[in-house]
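S.K.: Got a structure for you, questions after.
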Amino acid sequence: MATSNPESQSAEALSLGMKIRTERLKRRFNLRQLASAAGVTPSLLSQIERGIANPSLKTLRNIANALDVPVTVFFGESISPEQQIVRKHERRRLTSPESDVVYELLSPRLQRQIEFAIMILQPGASSVPEPMSHGGEECALVEGGPVELHLEDTVFELQDGDSVFIPPYSRHRWVNPGKDTVRVIFAVTPPLF
């Protein structure tokens with residue numbers, strides 16, 4: 001799978017870091033205060049703000065929570081109509097430190113009402129260690145399979161082509177019990193990333 005070139009990734013990291021710094025300064029947090037609230041070291045936060053380090057999805061969520069902003073604030077930007085298309089080789093990739101899961105964002109970098117993404121689950125991987133919930137509605141389509149959806153207190157086995165609607169605040173997680181990589185294409189509103 002093609003990925004963005006290193007220069008583009010470094011420019012994105014710097015842009016992300018500057019947005020985090022801007023939000024931090026708006027709230028009059030110093031580096032140590034935000035780092036403590038987000039559960040990261042001041043050194044790591046400084047590296048993220050300077051574009052030297054890329055935060056994991058969990059770290060980015062923790063920083064957003066500490067700043068009391070949605071994660072999308074860090075990615076919101078004005079784009080032209082041509083930039084509303086996301087080419088396969090230009091997808092932003094996010095990883096989760098808790099598991100062997102990769103998210104590819106299919107939505108352009110806009111602050112919108114809905115988000116479109118692919119979750120790639122390697123064999124044996126799960127989306128999160130324990131079922132979680134969020135306030136938005138979610139629809140998902142399975143590519144490959146089987147994959148387990150732990151939804152509230154029930155486990156459903158989904159196959160290639162199966163789809164599901166997950167209501168707001170429903171505890172859920174995805175588990176790949178098989179030997180092949182599974183892709184779950186999903187839309188969620190409001191956006192999670």
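Every number here is computed from the coordinates shown, using simple stated rules; none is lab data. For clarity, every value in this text was computed on a predicted model and none was experimentally measured. Glycine also receives a Cβ, built like all others from the backbone with ideal geometry; neighbour counts cover every protein chain displayed.
S.K.: Which of the peptides 176-188, 132-144 is most tightly packed, and how do the rest follow, judged by the mean count of other Cβ atoms within 10 Å per residue?
M.R.: The most tightly packed comes first, giving 176-188, 132-144.
S.K.: When the convex hull of the Cα atoms of region 131-193 is projected onto a plane and the area is averaged over all directions, what value comes out in nm²?
M.R.: Values: hull surface 15.8 nm².
Spelled out: convex hull of the Cα atoms, projected over all directions, averaged, 3.9 nm².
S.K.: Follow-up. How high is the FRET efficiency between V128 and S36 when r is their beta carbon distance and R₀ equals 30 Å, given to the nearest 0.05? Walk me through the numbers before you get to the answer.
M.R.: Details: r = 24 Å, r/R0 = 0.81.
Rounded to the nearest 0.05, the efficiency is 0.80.
S.K.: Share of Cα-Cα pairs in region 81-189 beyond 23 Å, in percent?
M.R.: Working: 1451 of 5886 pairs.
More than 23 Å apart: 25 percent of the Cα pairs in region 81-189.
S.K.: Provide the gained length on full extension for the span R87 to K58, in nm with one decimal, where the gain is 0.36 nm per separating residue minus the Cα-Cα distance.
M.R.: Working: separation 29, 0.36 × 29 = 10.44 nm, distance 2.55 nm.
Between R87 and K58, full extension yields 7.9 nm more.
S.K.: Excluding L45 itself, what net charge comes from residues whose Cβ is under 11 Å from its Cβ, given Lys and Arg +1 and Asp and Glu -1? Could the numbers behind the result be given before it?
M.R.: Working: positive: R21, R24, R32, R50; negative: E49.
Local charge sum for L45: +3.
S.K.: Pull up the cross-link candidates among the aspartates and glutamates for K58, meaning alpha carbon to alpha carbon under 20 Å and not fewer than 8 places away within one chain.
M.R.: Qualifying aspartates and glutamates at Cα under 20 Å: E12, E23, E49, D68, E98, D100, E104, E115, E130, E138.
S.K.: List the pair-distance distribution P(r) of region 6-74, using every Cα-Cα distance, as the percent of pairs falling in each 5 Å bin from 0 up to the bin containing the longest distance, rounded to whole percents.
M.R.: So the P(r) values, bin by bin, are 3, 20, 32, 29, 11, 4, 1.
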